[in-house]
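Working notes, beginning with the structure itself.
The values are calculated or read from the model by the stated rules, or taken from the named source; none is laboratory data. In this text the structure is predicted, and so the values were computed from the model without any measurement. Cβ sites come from the backbone with ideal geometry, for glycine too, and all protein chains shown count toward neighbours.
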Amino acid sequence: MNKKIFDLFSRSFGYSPTITAFAPGRVNLIGEHTDYNGGHVFPCAIDLGITGAAAIRSDRTIRLISENFPETGIIEASLDEMIPSHRWSDYPIGVIKSFSETIEEVTCGFDFAFSGNLPDGAGLSSSAALEVLTGFLVRELLENENVSNEQLALIGQHSENQFIGVKCGIMDQFASAMGKEDHAILLNSDTLKFEYAPIPCSDAAIVIINSGVKHSLASSAYNQRRDECQQALTALQKELDVMSLCGLSMKQLNEHLHLIDNEIVRRRVLHAVSENERTLAAAKALEKGDIVEFGRLMLESHYSLRDDYEVSCKELDFLVDTARKHTGVYGSRMTGGGFGGCTVNLIRPYAAESFISAINSAYKKEYGIEAKAYIVRAGSGVCRIDECEV
Ligand code: GLA
């Protein structure tokens, strides 16, 4: 993988890169749509992601190429005009702008080459991986050792919120920046305190199934969910001294649900608060080695996302329903923002192959398309690829 990115850079720009690095995508095991409500999430970085090669320039030009978007060729931008162009390059350019605004002024340009193996628009955070990777490359090239990986996650989120215009939480960028091999991350999105939780790999395999559905409405519907949560919080704050929805227990919420007039908004908050409690319960179950209970909570999470938060779709529901009936499966749910994308399945390792073929034939029969499967391992966060095989 390293040689490939090294070569792409050299071929495109006519000289060798100074640095090559990798940033992973992520899969969220449980804790969905809680990270902008001050709640807990439980993602892990995966061993699919994006590699990048970069070098610093002496002028103020930024040049970017991606093997995944050959049609755009080399894109050129300038530090003096960093504005969105509604292409993939907005992700790295937004990060350079955020780096410049929040960390240190960037005064010289860069050349970048990227190549990824994450399916695009599948909810495995290819955008967060690209953001974290760019932040990392910039940090290393500027030799700014004061910037931690957590800060790289925050810079990525800042850019996504301000430059791209999606009001995402911190989960995706945090997982890509802070992942650890064979561990999930229990993250409190309010305080950014986190713990690594070992995944018992010999008992449970993580299988991702891509529905192949890409909903173009995903970002506007996402922002709409955020607004609904904000409405709920404002209504609840009339009587409760609470800073975010996930600061509430289900008991407190049930006692104050009457403060929210709108029935849809009421269901949104029921999801957020119950999902936060489920996430904490799931982390406890995993700690005790109770993967069966973890799987049950995953299914509950899916039903709540489907019925109360309404971010699933019929294809994802079908995949979860089919998975649930397979004897090797502990649990299954949609993962990520929703409206398409992937399911995450926790499976007895010996059953992974039979599960994948069962799901494939059922999905093909129902929708006439392949559901691509990935058996992934929880991997480490963004890092340099040290050994240049050239
Ligand atoms: C997207 C966002 C995350 C998170 C999830 C839903 O992936 O980028 O911040 O809100 O949706 O859990």
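Odds and ends about this structure:
- Restricting the first member to region 30-41 and to residues that are closer than 16 Å to A232 by Cα and of a type in the set (F, W, Y), and the second to residues that are more than 7 Å from the ligand (Cβ to nearest atom) and not in a loop (DSSP other than H, G, I, E, B), the beta-carbon pairs closer than 8 Å and six or more apart or on different chains are Y36/R226; Y36/C229.
- As a summary of the residue check, G381 satisfies the conditions (1) in contact (Cβ under 8 Å) with a residue 12 or more places away in the chain; (2) of a type outside the set (D, E, K, R); (3) farther than 28 Å from S219 by Cβ except for the one numbered (3).
- Against the numbered list (1) under 19 Å from R26 (Cα atoms); (2) at pLDDT 95 or above, G337 comes up short only at (2).
- Within region 24-39, the residues that satisfy the criterion of being surrounded by 24 or more Cβ atoms within 10 Å (Cβ to Cβ) and either on the phi > 0 side of the Ramachandran plot or more than 7 Å from the ligand (Cβ to nearest atom) (or both) are P24, G25, R26, V27, L29, I30, G31, H33, N37, G39.
- Restricting attention to region 311-353, the residues being in contact (Cβ under 8 Å) with a residue 24 or more places away in the chain and acidic (D, E) number 1.
- Filtered residues of region 245-298 (kept if touching a strand residue (DSSP E or B) at 6+ places or on another chain (Cβ under 8 Å) and either surrounded by 14 or more Cβ atoms within 10 Å (Cβ to Cβ) or farther than 19 Å from G31 by Cα (or both)): C246, N276, T279, L280, A283, L286, I291, F294, G295, R296, L297, M298
- The listed residues are P92, P70, P84, and the only one of them that is away from the ligand (no atom under 16 Å from the Cβ), of a type outside the set (V, I, T) and under 30 Å from Q231 (Cα atoms) turns out to be P84.
- Residue check, R296 of a type outside the set (A, V, I, L, M) and touching a Cys at 6+ places or on another chain (Cβ under 7 Å): no
- Filtering A45, A21, A77, A113 for residues that are of a type outside the set (V, I, T), outside any helix (DSSP H, G or I) and within 16 Å of the ligand (Cβ to nearest atom) leaves a single hit, A45.
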